[in-house]
Structure formats: structure tokens, C-alpha cells
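Student: One structure, as C-alpha cells, below. Some questions next.
Any read-out appearing in this document is the output of simple, stated calculations on the displayed coordinates, not a laboratory observation. Computed from a predicted structure; not experimentally measured. So basically every Cβ, Gly included, is an ideal-geometry build from the backbone, and we count neighbours across all protein chains shown.
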Amino acid sequence: MTARPTTRKLSGSRAGRPADAPPAPSLGRPSPAGQNGATDHNGPEPRGRPRRRRKGAPAAPTVRLTSLPTGRRAYTDTREWLLDRHGPVCAYCGLRHDLTAITLDHVTPRRGQTAYDRRDNLVLACQRCNGMKADTPILAFLLGRPQRAETLLRYGQHLSPMLLDLARQVAGEEAAARAERLADPDYPYAD
């Protein structure tokens, strides 16, 4: 039979610990070694119920997903929002089309992934431009005709910053400035 260390009933940090055990470290404090802010902790994690958070202590960060699967209603809402904002104008060629001929296009192609179904990746496009773009990466599509980048800047102000920066680089400084002026609803010389 093996000898078990005796346990004394004590109050405070040594309660329930063997008499010959070193004092428990204070939580969240660096160890005397102080290397990389590591705490002095020997042995396995304590069992039992989790400790309650102290008053005033920051809560654990919550994980926020930036891309959630999008339902049919979200597509309809985005399409209506873009139509209210710009009318039935293609974000690539800038031509006005019939309401039934304008489609919703993923700027960054989906390729079966729901991560790209967000509003900041969707624009209105005519059937011709949408068909030409298909699954082509946006950079290749814009470089094929740089005028598309200027038009995309004008009708795609809601797009993600990465896509807007890409379009600005392809369009050039002057075209980007012109597109931003024309996108402003208060600009007096717009169409």
C-alpha cells in the first residue's frame, strides 16, 4: 500500500492541498522566472466547475463569423437595395438595362462556397457582362478592360475595402477620383 500525503483543512489558497505542497501561485501573475508572462502552474488543470468571472473583468472574446450562408431572401433584399440605390445599371459596363435583364453578380466568384454570399461581394450586372465574367477572377476581368474598374468604383461603393483598392489600382488615380465624384449623390454634374 502506498502512502498518501496527508491533507489538512486550511482556509485560503492552501485549502485541500497536501501539507508539504508549495503555496499556490496567485492567478494571472507572472512566475518568479517571469519568462514570457507565463504563470507558475505545475500539474494538470484543476477539475470541477469553471471559475466565475470577477466583477469588472473583461469577458472572453466572442467568435464572430463574417460569412454566414445566405438565403434566397437575402439575395432579393440585396438586389432591391442596389436597384433603389443605383437603378438597373450594370456595375461593369455602366449601361442602364430593363429591370428583368439585370442580374446579381458575385464580384469574387463563389465556386460553390457560401463565404462570398455577402452584400460586400455582390453587384448588379447585365446578363452580357455577367456571362463574360462568369468564374473569371475579378483582377483578370478588370484588366481585360480597365474602364470596368472605374465603373465598378462608381456603382460598387458598398464593396469590401480589398475589392475597392483593387479596382482603384486598375483604374488609376484620375479615373478613381472621377468615379468617386460621380458616385456622390450630391455631385451636381452626374448623369
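Student: Can you compute the modelled spin-label distance between LYS55 and ARG79, with each label point 7 Å from Cα toward Cβ, in nm?
Tutor: 5.5 nm
Student: Also, I was wondering about something else. Give me the Debye-computed log₁₀ of I(q)/I(0) at q = 0.17, 0.21 Å⁻¹ for the stretch 72-183, equal point scatterers on Cα only, no solvent, two decimals.
Tutor: Those come out to -0.74, -1.17, one per q.
Student: Let me ask something else. Within the stretch 136-191, which chymotrypsin sites (Phe, Trp or Tyr not before Pro) sit in a loop by DSSP and count at most 12 neighbouring Cβ atoms inside 10 Å? Display every interim value, and only then the final one.
Tutor: Values: sites: PHE141, TYR155, TYR189; in loops: TYR189.
Those satisfying the criteria are TYR189.
Student: Can you tell me the FRET efficiency between TYR189 and MET132 if r is taken as the Cβ-Cβ distance and R0 is 41 Å, rounded to the nearest 0.05?
Tutor: Efficiency, from the Cβ-Cβ distance: 0.85.
Student: Related question: Specify which residue in the list HIS97, ALA171, PRO161 is farthest towards the positive end of the charge dipole of the stretch 72-183, using unit charges on the beta carbon of Lys, Arg (+1) and Asp, Glu (-1), about the Cα centre.
Tutor: Looking along the dipole axis, the top candidate is HIS97.
Student: Another question about this same structure. Run the dipole for the stretch 72-183 about the Cα centre, Lys and Arg Cβ at +1, Asp and Glu Cβ at -1, nothing else charged, and hand back the magnitude in debye, nearest 20. Intermediate values should be presented prior to the final figure.
Tutor: Details: 17 positive and 13 negative charges, 43 e Å.
Dipole size: approximately 200 debye.
Student: Also, quick follow-up: Taking neighbour counts of Cβ atoms within 10 Å as a proxy for exposure, in what order, fewest first, do THR151, THR103, THR136 appear?
Tutor: On the way: THR151 25, THR103 17, THR136 12.
Least crowded to most crowded, the residues run THR136, THR103, THR151.
Student: If contacts are Cα pairs under 8 angstrom and at least 6 residues apart, what is the relative contact order of the stretch 72-183 in percent?
Tutor: Details: 142 pairs, mean separation 27.3, N = 112.
Averaging sequence separation for qualifying contacts and normalising by length gives 24 percent for the stretch 72-183.
Student: For ALA101 and SER160 in the same chain, what is the full-extension length gain: residue separation times 0.36 nm, less their Cα-Cα distance, in nm? The partial results should precede the final answer.
Tutor: Values: separation 59, 0.36 × 59 = 21.24 nm, distance 2.53 nm.
Gain in length upon complete extension: 18.7 nm.
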